[in-house]
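Below is one structure; the comments refer to it alone.
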Amino acid sequence: MKSHNPPFNFIATPQEELKRKIEERKRLLYLIASLISLPSVLLAWYFYGATNPFSSRLYLLLLIDIVLWTLALLWRRVPLRWLECWVLLTISLFFLVKYVHHLFYDNPNIVWREIEIISSGTIILFIIAYMILPSQLAFRLSLIYTGVTLVLGLWRFIPDEHGFLPDLIRWETRLIVIAILLFTLAKVKDDLLIAQKQADYWERQANIDHLTQLPNRRMISALIEQALLNRLPLVILLIDLDDFKCFNDTYGHDVGDILIARVGSILRTNLRANDFVARWGGEEFLVLLTETTAEQALQLAERLRNEVEKIEFEEDHLSISIGGTLSHPGDSLTTVLKRADAALYAAKAQGRNCVCWA
C-alpha cells in the first residue's frame, strides 16, 4: 500500500531529523551571509590597495578565507561545526591583528576612527561566539578577548599623550556590558530550552507505554477523538493476544512482557508511515488506520495476524485475534470502540487467530 503524509501531526519529529533540519537552515543562512559580505570585503581590499599595503593584504586574506568558507559550505562533507569554529577564529584574528596594527604602527590621530569601527565590529564577534559555542564558554572567551584588547590599549596609551585613554576605557566597558547582556540572554534561552525539554519529557512519559515504547491508551484515544472531530475516515483494529494467560502461567510475567514487546514491534514495523499502533492495555493493542478502504484494512489485518503467527517460543505459537471497524458519520470514541470490541469478541468466539469485521 502506498504511503501518504499523515493528515495531522501525531508523532514528534525525531531528534536526529530535527538536528539535520536545523543544520541545513544554518548552512543556508551562513552561505547567504558569506555571499553578502563578499562584495564589501572585495571593495575594502580594492580601496586599500594603493593607500595602505598592510590593510590591503589583510583584506585579501579575509577575501580568500570567505571564498574558501563559501566553497566549504557548498561541499557538504565538511562538518558545519568545523566551519563555524574556523570562521570564529579567522574573524577574531582579523580584528585583533588590525587593532594591534592601528595601535602600534599607525598614527592614532589618523586611524582613531578605524579603531572605533573595530571596537564596534567586536560586538559581531561576540554574537557569533554565542551562536556556535555554549553560553559559558562564549562568555569567557568574550571577556578574554576584551581583556586582551584592553591591556594592549593601556600599554599603548599610558601615558596618555593623545587624550584617547577615556575613549578606550569607555569602549572596553561597553564591550564588557554587552558580553554580560549577551550571556544573560543566552542563559534565559538555555533555561527556556531546558524547561521545554522537561515538558516534552513528561508529556512523553504520560503518553508512551514504557514496555513497548508505543503510544498508550491515553494518547491513541486523543488521536481517535481528533480524527473523528475533523471528520477524517478511519479504521480501528482492536488486537488481543490469544490465550496469553497460559504464557504467563507457564513462563512467568517477565517472559510475557518480552512477548508483548515483541508483538508491539512486529505490529509497528508492518504498518504504513501514516498508521499508528498503541498498547491498549494488558495484552491488547489498537491500530489506527487513516486514508484506508475496508479492503485495504482487511488485507493489513491479515498480514499482521500472519506476522505474529510466525513467532515461535519453544513449542508454543503465539497468535492474535483482530476486530475491525470503519468509522461512521456521527461516531464518537465510545461508539467506534464499542463496535471494534464487538468484532474482537466475535473473532474470539470463532476460535481465535482470525479477523472479524463489525
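The values are calculated or read from the model by the stated rules, or taken from the named source; none is laboratory data. As the structure is a computational prediction, the values presented were derived from the model and not from experiment. Positions of Cβ are backbone-derived with ideal geometry, glycine not excepted, and every protein chain shown enters the neighbour counts.
Can you spot a residue in the stretch 159-166 that is surrounded by fewer than 19 Cβ atoms within 10 Å (Cβ to Cβ), in the same structural domain as Phe95 (by TED's automatic domain parsing) and part of a helix (DSSP H, G or I)? Yes, the conditions are met somewhere in the stretch 159-166. Output the residue which, of all residues in the stretch 132-158 that are among the small types (Gly, Ala, Ser) and either in contact with a Lys or Arg (Cβ under 8 Å, 6 or more places away or on another chain) or under 25 Å from Tyr30 (Cα atoms) (or both), is surrounded by the fewest Cβ atoms within 10 Å (Cβ to Cβ). Restricting to residues being among the small types (Gly, Ala, Ser) and either in contact with a Lys or Arg (Cβ under 8 Å, 6 or more places away or on another chain) or under 25 Å from Tyr30 (Cα atoms) (or both), the top hit is Ser135.
Restricting the stretch 194-220 to residues that are of a type outside the set (A, V, I, L, M, F, W, C), outside any helix (DSSP H, G or I) and in contact (Cβ under 8 Å) with a residue 60 or more places away in the chain leaves a set whose member that is surrounded by the most Cβ atoms within 10 Å (Cβ to Cβ) is Pro215. Considering only residues in the stretch 269-305 that are part of a strand (DSSP E or B) and touching an Asp or Glu at 6+ places or on another chain (Cβ under 6 Å), the one that is nearest to Lys245 (Cα to Cα) turns out to be Glu284.
Of the residues Trp75, Trp86, the single one that is within 22 Å of Ile32 (Cα to Cα), surrounded by fewer than 17 Cβ atoms within 10 Å (Cβ to Cβ) and touching a helix residue (DSSP H, G or I) at 6+ places or on another chain (Cβ under 8 Å) is Trp86. When Thr149 is tested against (1) within 37 Å of the chain's Cα centre (by Cα); (2) more than 19 Å from Val87 (Cβ to Cβ); (3) modelled with pLDDT of 90 or more, just one condition goes unmet, and that condition is (1).
Phe247 - would you say it is aromatic (Phe, Trp, Tyr), within 18 Å of Arg352 (Cα to Cα), over 27 Å from the mean Cα position of the chain (by Cα) and in a strand (DSSP E or B)? Considered against the rule, which asks whether it is aromatic (Phe, Trp, Tyr), within 18 Å of Arg352 (Cα to Cα), over 27 Å from the mean Cα position of the chain (by Cα) and in a strand (DSSP E or B), Phe247 comes out as no.
Applying a threshold of 8 Å to beta carbon distances and a minimum spacing of six or more residues, or different chains, the list of pairs starting in the stretch 10-34 at a residue that is more than 26 Å from Met219 (Cβ to Cβ) and ending at one that is exposed (fewer than 12 other Cβ atoms within 10 Å of the Cβ) and modelled with pLDDT of 85 or more reads Leu31/Leu74. When the test is whether a residue is out of contact with any Phe, Trp or Tyr (no Cβ under 8 Å at 6 or more places or on another chain) and either under 28 Å from Pro166 (Cβ atoms) or among the aliphatic types (A, V, I, L, M) (or both), Leu83 does not pass it.
When Ile239, Ile266 are screened for being outside any helix (DSSP H, G or I), under 19 Å from Glu309 (Cα atoms), among the β-branched types (Val, Ile, Thr) and assigned by TED's automatic domain parsing to the domain that holds Leu344, only Ile239 passes. Take Asp191 and decide whether it is of a type outside the set (A, V, I, L, M, F, W, C) and outside any helix (DSSP H, G or I). Taking the combined requirement at face value, the residue does not satisfy it.
Could you tell me which of the residues Gly281, Gly264, Gly252, Gly323 is at positive phi and touching a residue at least 40 places away in the same chain (Cβ under 8 Å)?
Sole residue among the options that is at positive phi and touching a residue at least 40 places away in the same chain (Cβ under 8 Å): Gly281.
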